[in-house]
Amino acid sequence: MKIYTSYFYQVRFFKQNQIPISTAIGDPKWFHSNNGNDFKFIDKNGVINGLRAPFLSPGKSCHNLCHGRPCEFTPDKCNFLIEYKKQIFALDKGWVFGQFESLGNKMKEILKFEDEPEIILLVHEAPTNECSERVVLQKFFNCSEWTRNART
C-alpha cells in the first residue's frame, strides 16, 4: 500500500482510492462537514473525509515546543520535531501499517473503488514549510509528498 503526506488543501484533488487521514491535533471544520471531529462523509469526488489517526498527532511531550512562523530552527534542531520523532518512532511500525492496510481494504469494499487504496497523511503546513511533522512522518513511513502530478 502506498503512503504519502500532504496537507488539507489538497484533499479537493484526491481520487476516491486516496484516503486522507488527519494527523493534526485539530482539523479544519470542513474536513468533518462542520459536524464535529467524529463526523465522516463522502465528498463530491467520492473521497471519504473525516478520518483521523490520533496516534500520529503530536502528543503531550510536544506541547508548547512550536512557536510558529517564522521558525528559527531547522528540522533537526527543532525541539518540537525532536520530541515528535521520539513519539512516532516509538510506535510499532507493523501495527501502524496493519491499521492502514485494514482501513484501506475496508474503504475499498465500502466505496467499491477499483484502484488500490493509498493512504495520505494530512498535516496543516504546506510542503514549503520545512519545519513540519511531515519531515518525521516521511522518515517513519519512508514516503514522499503527494502531488497532483503523482496521481495514480
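The values are calculated or read from the model by the stated rules, or taken from the named source; none is laboratory data. Here the structure is a predicted model, which is why all the values come from computation and not from measurement. Cβ coordinates were reconstructed from backbone atoms using ideal geometry, including for glycine residues, and neighbour counts include every protein chain displayed. Accessible surface areas use protein heavy atoms only, side chains included; no ligands, DNA or RNA. Shrake-Rupley method; radii C 1.70, N 1.55, O 1.52, S 1.80 Å.
General observations
- For first residues located in the stretch 42-66 and charged (D, E, K, R), partners that are part of a loop (DSSP other than H, G, I, E, B) and open to solvent by 80 Å² or more (accessible area, probe 1.4 Å) and lie 6+ apart or on another chain with Cβ distances below 9 Å form the pairs Arg52/Asp38.
- Test: residue in the stretch 64-71 that is in a loop (DSSP other than H, G, I, E, B), in contact with a Lys or Arg (Cβ under 9 Å, 6 or more places away or on another chain), open to solvent by 60 Å² or more (accessible area, probe 1.4 Å) and among the polar types (S, T, N, Q): no
- Meets criteria (surrounded by 13 or more Cβ atoms within 10 Å (Cβ to Cβ), assigned to a loop (DSSP other than H, G, I, E, B) and either aromatic (Phe, Trp, Tyr) or under 13 Å from the mean Cα position of the chain (by Cα) (or both)) for Phe140: no
- Evaluation of Thr128 against (1) surrounded by fewer than 14 Cβ atoms within 10 Å (Cβ to Cβ); (2) under 26 Å from Asp76 (Cβ atoms); (3) at pLDDT 95 or above (one fails), failing number: (3)
- Breaking point among (1) outside any helix (DSSP H, G or I); (2) open to solvent by 70 Å² or more (accessible area, probe 1.4 Å); (3) free of Cβ contacts under 8 Å to residues at least 12 places away in the same chain, for Trp95: (1)
- Exactly one residue among Arg69, Arg134, Arg148 is charged (D, E, K, R), modelled with pLDDT under 90 and out of contact with any Phe, Trp or Tyr (no Cβ under 6 Å at 6 or more places or on another chain), and that residue is Arg69.
- Only one entry of Pro58, Pro75 meets the criterion of being crowded, with 16+ Cβ neighbours inside 10 Å and at pLDDT below 80, and that entry is Pro75.
- Residue satisfying all of: in the stretch 1-20; more than 15 Å from Ala53 (Cα to Cα) and part of a helix (DSSP H, G or I); most open to solvent (accessible area, probe 1.4 Å) among these: Arg12
- The residue that is least open to solvent (accessible area, probe 1.4 Å), among those in the stretch 107-117 that are under 17 Å from Asn49 (Cα atoms) and more than 17 Å from the chain's Cα centre (by Cα), is Phe113.
- Check on Gly104, at pLDDT 95 or above and open to solvent by less than 30 Å² (accessible area, probe 1.4 Å): yes
- Verdict on Ile120 being of a type in the set (Val, Ile, Thr) and open to solvent by less than 50 Å² (accessible area, probe 1.4 Å): yes
- Among the candidates Phe39, Phe80, Phe113, the residue that is farther than 20 Å from Ile3 by Cα and in contact (Cβ under 8 Å) with a residue 12 or more places away in the chain is uniquely Phe80.
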